[in-house]
């Protein structure tokens, strides 16, 4: 896998949003959100590669479902931080890890919301933590 040197340039919108959401929604031992003191480059290489691979696999498996939701009459609700594919990456992290928001919370149309929720849960849960070396790990 090609090393990531620039998050905005080297990964797609889905993956960038997924990684940024992981940092934003994870906390250190004192409860401080990781994105206050860390960025994607602090994630251990093997774990960053795993995150990128999970995003690629999810998109390959769910491409048609995500696109159908985006193209539906209801569309996908998203904000200024991400476009619809970024919102999908954001919601993939939140849903797979059981956060209080995600594909299921009303911003995605049905039946796609239910399909994407089930697909996210099938990936299993993992969370970022700060190692003794100051790197972030899954």
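General observations
- Put simply, of 54, 47 the only residue that is in contact with a strand residue (DSSP E or B) (Cβ under 8 Å, 6 or more places away or on another chain) and not in a loop (DSSP other than H, G, I, E, B) is 47.
- Within segment 20-32, the set of residues being without any contact (Cβ under 8 Å) to a residue 40 or more places away in the chain and touching a helix residue (DSSP H, G or I) at 6+ places or on another chain (Cβ under 6 Å) comprises 24 only.
- Every residue from segment 26-46 that is under 15 Å from the mean Cα position of the chain (by Cα), at pLDDT 95 or above and crowded, with 17+ Cβ neighbours inside 10 Å: 26, 34, 43
- Looking only at residues in segment 112-138 that are part of a loop (DSSP other than H, G, I, E, B) and touching a strand residue (DSSP E or B) at 6+ places or on another chain (Cβ under 6 Å), the one that is surrounded by the most Cβ atoms within 10 Å (Cβ to Cβ) is 128.
- Residue list for segment 35-74, filter: out of contact with any helix residue (DSSP H, G or I) (no Cβ under 6 Å at 6 or more places or on another chain), without any contact (Cβ under 8 Å) to a residue 40 or more places away in the chain and over 20 Å from residue 120 (Cα atoms): 36, 37, 39, 41, 46, 71, 73, 74
- A residue that is within 26 Å of residue 130 (Cβ to Cβ), buried (at least 19 other Cβ atoms within 10 Å of the Cβ) and out of contact with any strand residue (DSSP E or B) (no Cβ under 6 Å at 6 or more places or on another chain) occurs somewhere in segment 72-86.
The values are calculated or read from the model by the stated rules, or taken from the named source; none is laboratory data. Worth saying up front: this structure is predicted, and the values here are computed from it rather than measured. Here Cβ is always computed from backbone atoms with ideal geometry, including for glycine, and neighbour counts include all displayed protein chains.
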